[in-house]
Every structure is written in structure tokens, then in C-alpha cells.
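J.: Mind looking over this structure? Questions follow.
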């Protein structure tokens, strides 16, 4: 039997659990796939030229479609991975993978602008393009956060690919505002960007249809054990952010100044949460499917 493949997600837990042997303690025979981490993301081509940024309409939801519950088309992408709860929810409902329902994570995120920007408050973002990832957490969370301040017709989202592609675009001053989370947010703040509105949101875990649920349980127990170490002494482990920051930025940041990033929460993603999220997404026509399409919570979520 092949090793259980873990796809990192920019958080500390996977690396801490690996260092401290928690996955091994649980009896998990695993492979932590560094090659599928954010470190491998290439520079956004438009960030180095005068060309306008093209819309990238292939996000986390589409990657789960490609991989059948694995986040990407490569067979080694990961038996377990993570994305925003909106995408994982809809993907699981359409049976493009199985949502893990006994825990989730919460990430620190924000819409930020350059220091020199005239945007000072959220209302100033009316008709200002905000870079997000299509059908990814930055997409939904930007819309959710900005609806409090702006009329929907005044929310202008620009789909700029991966989280690090959005960093590339923002630092090249090719986009006036960007919604970023975790390490990307901390880097942007060190580069002088200002928070305009926080967009903190829930991440969820997805595993492939052919993955062993028992291996998933072992993996999750390891992550939760690691969270206690991170909560108690985060300074010991922030070095692991460097394992997932692209080389072009690794020498430009001081990870000791970062926050703790994504935090794993050992609480259930309930049927009520699942159905409320479905209602929210479909009220906004975020997917080309009806809300009735797919399976119910009991079949979509491993709980």
C-alpha cells in the first residue's frame, strides 16, 4: 500500500507534527509532499512585464474537480488537503471528494493596500479592483466582508490565481488592493501594506474518495496535537513558514515577526454550518449548479 500523501497548506501544524513524530505516533505511514506546497508557485508572468493581468478562472474548486478530491491533477497532489470551507463544502456536495467534519481551521486574512494608496476605509474600495483567487477563500471572504460596506454592484473582484500570484501582482503595483491570508498577509504587512478590512475565514479539510478514513483520522489527531505546541510556544515553530514561502521572497521577510497563521479547531463542521453555507453561496450564484444538485450533508461529510 502506498504512503498517505499530505499536501501542505501554508500552516505550521503539518511541519510541527512531522518534527515531533505525532503522525508516526498515530501509526500513519505518510509522505509530506513538499513539491505540492506553495513554495513551488512560480512568479506571475504579468508581474514582470507591462502586460495587463489576465483573469484566472481556475481556482481551488476546479482543482478538486480535476483531482477527484485531490487538490490538483497530479496523482501525488495529496490524499488530504485543505481549502476554504465554501469550496470544500460545494466540492463534497458534488462528490468531488469527502469533507472532514470533525474539525476545521481558521485563518487570519485581510484586504490590504499599498502604503501610498488613497484607500483608507472599506467604503473607499467601491469599484476598486481587489485581487482574489477564483472559487477560493479569498474570493468568497472578500465578497462576504465587503457586502457589509458596499452595494454588491460596487464590489470589483479581480481573479489573479494563487495566493502568491496575488502577492506578485500587488508588489509590482499591478493591482490596487489584494485579499491575502496567513504567510502572504504577514509578508505584505512587512512590505508596508495596510489592512483595510479583516476577512478571517474558515478552512476545511478534504480527502480523496479513495483515501482511507482511518488514515485521515490519524492525520487529524496529529494536527490537533501540534496545535497545542504552536499555541504554547509559537516562536519555536515559525521557522517552518519558510518551507512554504517561494524562494523569491524567502530572504525578504523575517518570519519571527509573523503571526501564528491558520489555527486548527477541533470542533465539528455541523449540518447547520453546511446548509447555511450552501444557502449563502447559491443566493449569490457562485456556482453553475442548482442548490438541489448533489448529495446531503450525511453523504458529503465524514462526521
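The values are calculated or read from the model by the stated rules, or taken from the named source; none is laboratory data. Everything numeric here is computed off the predicted structure, so don't read it as measured data. Glycine also receives a Cβ, built like all others from the backbone with ideal geometry; neighbour counts cover every protein chain displayed.
J.: Have a look at 51, 83 and point out the one that is in a strand (DSSP E or B) and either surrounded by fewer than 17 Cβ atoms within 10 Å (Cβ to Cβ) or in the same structural domain as residue 229 (by TED's automatic domain parsing) (or both). Before you say what the answer is, go through the steps one by one.
T.: Working: 51 fails: in a strand (DSSP E or B).
Criteria check complete, one pass: 83.
J.: Identify all residues within the range 109-122 that are touching a strand residue (DSSP E or B) at 6+ places or on another chain (Cβ under 9 Å) and part of a loop (DSSP other than H, G, I, E, B); write none if there are none.
T.: If we filter the range 109-122 for residues that are touching a strand residue (DSSP E or B) at 6+ places or on another chain (Cβ under 9 Å), which is where we start, we get 109-115, 117, 119-122.
Passing the criteria: 114, 115, 117, 119, 120, 121.
J.: With respect to the numbered conditions (1) within 26 Å of residue 171 (Cα to Cα); (2) loosely packed, with under 15 Cβ neighbours inside 10 Å, which one is the sole condition not fulfilled by residue 231?
T.: Failed condition: (1).
J.: In addition: Hey, any hits in the range 7-16 for a residue that's touching a strand residue (DSSP E or B) at 6+ places or on another chain (Cβ under 7 Å) and surrounded by fewer than 21 Cβ atoms within 10 Å (Cβ to Cβ)?
T.: no
J.: Here's a follow-up. Out of the range 210-228, which residues are farther than 22 Å from residue 300 by Cα, surrounded by fewer than 23 Cβ atoms within 10 Å (Cβ to Cβ) and out of contact with any strand residue (DSSP E or B) (no Cβ under 8 Å at 6 or more places or on another chain)?
T.: Within the range 210-228, 225, 228 qualify.
J.: How many residues does the range 123-135 contain that are crowded, with 24+ Cβ neighbours inside 10 Å and not in a helix (DSSP H, G or I)?
T.: Total satisfying the criteria: 5.
J.: Within the range 269-303, work out how many residues are under 19 Å from the mean Cα position of the chain (by Cα) and in a loop (DSSP other than H, G, I, E, B).
T.: 3
J.: Taking the range 103-122, which residues are crowded, with 18+ Cβ neighbours inside 10 Å and over 30 Å from residue 216 (Cβ atoms)? Steps first, please.
T.: From the range 103-122, those crowded, with 18+ Cβ neighbours inside 10 Å are 103-105, 107-114, 119; that's our starting set.
Passing the criteria: 110, 111, 112, 113, 114, 119.
J.: Tell me whether the range 230-250 contains one or more residues that are at pLDDT 95 or above and within 19 Å of residue 99 (Cβ to Cβ).
T.: No, the range 230-250 contains no residue that is at pLDDT 95 or above and within 19 Å of residue 99 (Cβ to Cβ).
J.: Need the failing condition index for residue 143 against (1) buried (at least 24 other Cβ atoms within 10 Å of the Cβ); (2) out of contact with any strand residue (DSSP E or B) (no Cβ under 6 Å at 6 or more places or on another chain); (3) assigned to a helix (DSSP H, G or I), just the number.
T.: (1)
J.: Within the range 89-108, which residues are within 13 Å of residue 209 (Cβ to Cβ) and in a helix (DSSP H, G or I)?
T.: Correct list: 91, 92.
J.: If you scan the range 13-39, which residues turn out to be assigned to a helix (DSSP H, G or I), farther than 14 Å from residue 226 by Cβ and free of Cβ contacts under 8 Å to residues at least 60 places away in the same chain?
T.: Matches in the range 13-39: 35, 36.
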